[in-house]
Every structure is written in C-alpha cells, then in structure tokens.
Amino acid sequence: VGVMFVNFRQLQHFDTIQKLSIEGLAHYTAIAIKNAQAFGTLSKRHLDELEILQHIDHELSRNLLDLKAFLNTLLKHALERVPAEEASILLYNAHSQALEIPAAIGLDGEARLRRTISIHEVKGITRWVFQHKQPVRVDNVHLGSQWEELYIEGTVATVSELDVPLFDGEEVIGVLNFESTKENAFSQQDEDFLITLAGQAVLAIKNAQAYEREKRLAEE
C-alpha cells in the first residue's frame with residue numbers, strides 16, 4: 001500500500017534486529033492505512049486482530065529474554081482469532097538438521113514438545129513449508145492430494161492445517177503450525193494474520209539469540 005521512509009542524520013549500520021523492528025513498524029502502518037481506507041466498513045475482526053497484536057507487542061517487551069514464555073503467549077493470543085485446536089512453533093536446529101518444538105498448546109501440546117521433524121524426512125507438511133518457504137493452507141489433509149501423502153498422523157484427529165514460515169531475511173528459521181479437527185477451518189484472513197504474527201515471533205527469537213550470544217561472550 002505504500003513505502004515507509006526512515007531518515008537518519010548520522011551514518012547507520014543496521015543489524016538484523018533493527019531491520020526487523022522497522023519492518024514491524026511497516027506492518028503496523030500498513031494495517032492502519034488499510035483500516036483508515038475502509039473505516040466505514042471496518043469489521044470487528046480487524047479490531048480484534050489489532051488488539052491481539054498490541055497485547056503480543058506488550059508481551060514481547062515484558063518477556064524479552066524468556067523466549068519460550070513469549071512463544072507460548074503468542075500462540076495463546078493467536079488462538080483467540082485463528083480457529084484451531086492445536087498450535088505449535090517449530091524452530092530449525094542446524095546441528096541436528098531438524099525442526100524442534102519449543103512451544104505448543106492444545107490437546108496434544110505436551111506430546112508435541114518432545115517431537116522433532118528431520119528436514120530429510122519424506123513426510124511432513126511443516127517440513128515442506130520450511131523447505132519451500134511458502135505458507136500452506138490445507139482444507140482436508142485426508143483427501144487425495146499431495147498433502148495426504150505428506151501428512152504425519154498425530155494423536156489428535158487433525159483434518160485441516162495452516163502452516164506459515166518464519167523468515168529471517170531470506171532464510172526460513174522455523175514454522176508456525178495450526179491444526180483443526182474441522183474441515184475448511186482456516187481462511188485467507190487467518191493466513192494473513194499468522195504471517196503478521198510470524199514477524200513478531202522472529203523478532204523475539206532474534207532478541208533471545210542475541211542475548212544468549214552476548215551472554216556467552218561475556219562468560220568467555
């Protein structure tokens with residue numbers, strides 16, 4: 001919808017966290033512009049989403065160094081808007097070359113925390129999203145399609161699934177995963193909302209990684 005121009009009077013060397021912060025501001029600005037343009041027909045959904053984003057932004061400042069606590073809070077707020085029974089965040093571990101789950105909520109939440117998905121596995125919709133760097137919304141994972149072939153059966157009877165990659169620049173560092181026991185549970189609006197949430201999740205992850213890196217250097 002436009003371009004955000006930030007002018008500095010002194011030389012700047014932008015690191016990843018600064019870039020993500022400015023990109024986050026751009027997301028908020030775009031939401032404000034779209035809401036202003038459609039103010040007469042502004043839906044309650046958009047108002048709720050803005051309120052959720054504000055709550056998550058507040059939690060990010062409170063739990064700056066407690067990554068797991070923040071990621072769980074992000075999932076809880078997301079479930080207020082996205083109609084899913086299961087939600088988890090998968091992060092890539094370069095050493096094990098697998099997607100690990102630091103945060104998960106729902107009926108199968110505790111069991112999911114112990115799972116890992118190797119990026120070399122043949123199956124796994126989240127693995128596909130990670131490798132192909134694009135969101136996937138599946139209306140029914142059991143119907144005859146490529147997703148039926150990739151779906152990994154869990155303890156909960158998942159029918160529809162929505163996965164969104166977590167981007168750090170051009171690199172994918174993880175996946176947001178939402179699952180429902182109902183068919184056609186997720187809409188394009190749900191997907192767009194999770195794409196915005198993904199940016200906040202990445203910012204929290206980069207903050208935590210930067211802190212751990214500085215802490216390790218200080219100890220050395």
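Within the chain, what is the longest stretch that has no chymotrypsin sites (Phe, Trp or Tyr not before Pro) placed in a DSSP loop and near at most 15 other beta-carbon atoms within 10 Å? Before the final figure, lay out the partial values.
Details: sites that count: 5, 8, 14.
Counting at most 15 other Cβ atoms within 10 Å as exposed, the longest clean stretch of the chain is 15-220.
Can you tell me the Rg and the Dmax, both Å, for the Cα atoms in segment 132-190?
12.1, 35
Which values of log₁₀ I(q)/I(0), to two decimal places, follow from the Debye formula for the chain at q = 0.11, 0.13, 0.14, 0.16 Å⁻¹ with a uniform point scatterer at every Cα?
So the normalised log intensities are -0.57, -0.79, -0.91, -1.16.
Dipole of the chain, Cα-centred, from +1 at each Lys and Arg C-beta and -1 at each Asp and Glu C-beta, to the nearest 20 debye?
500 debye
In the neighborhood of residue 167, defined by Cβ-to-Cβ distances under 14 Å, what is the net charge if each Lys or Arg adds +1 and each Asp or Glu adds -1?
Surrounding charge for residue 167 is -2.
So how much accessible area does residue 202 have, in Å² to the nearest 10, using a 1.4 Å probe?
0 Å²
Given the whole protein assembly as supplied and a 1.4 Å probe, what does the accessible area of residue 13 come to in Å², nearest 10?
Here the accessible area works out near 150 Å².
Taking each full run of DSSP H in the chain as one helix, which ones are at least 20 Å long along their axis (Cα atoms) and have mean Kyte-Doolittle hydropathy of at least 0.0?
In the chain, the long hydrophobic H runs are 16-37.
Please express the shape of segment 114-220 as an equivalent ellipsoid: the semi-axes are the square roots of 5 times the eigenvalues of the C-alpha gyration tensor, given largest first in whole angstrom. Walk me through the intermediate numbers first.
Working: eigenvalues 177, 51, 28 Å².
Semi-axes (√(5λ), whole Å): 30, 16, 12.
Gain in length, residue 131 to residue 209, computed as 0.36 nm per residue apart minus the alpha-carbon separation, to one decimal in nm?
Fully extending the segment from residue 131 to residue 209 adds 25.9 nm.
Using modelled backbone amide H atoms (1.01 Å from N, in-plane), which distant-in-sequence or interchain residues come within less than 5 Å of residue 79's amide H?
The list, which skips near neighbours in sequence, is empty: none.
Excluding same-chain residues fewer than 8 positions from residue 76, which lysines have a Cα within less than 17 Å of its Cα?
Within the straight-line cut-off, residue 76 pairs with 68.
List the residues of segment 80-98 whose backbone N lies under 20 Å from a point placed 7 Å from the Cα of residue 114 along the Cα-to-Cβ direction.
Flagged as within label range: 86-91, 98.
Taking +1 at the Cβ of each Lys and Arg and -1 at the Cβ of each Asp and Glu, which of 132, 3, 69 sits farthest along the dipole of the chain towards its positive end, judged by Cα position relative to the Cα centre?
The residue sitting farthest along the positive end of the dipole is 3.
The values are calculated or read from the model by the stated rules, or taken from the named source; none is laboratory data. All values derive from a computational prediction rather than experimental measurement. Ideal geometry is used to build each Cβ from the backbone, glycine not excepted, and the neighbour counts take in all protein chains shown. Note: areas computed on protein heavy atoms with side chains; ligands, DNA, RNA excluded. Shrake-Rupley method; radii C 1.70, N 1.55, O 1.52, S 1.80 Å.
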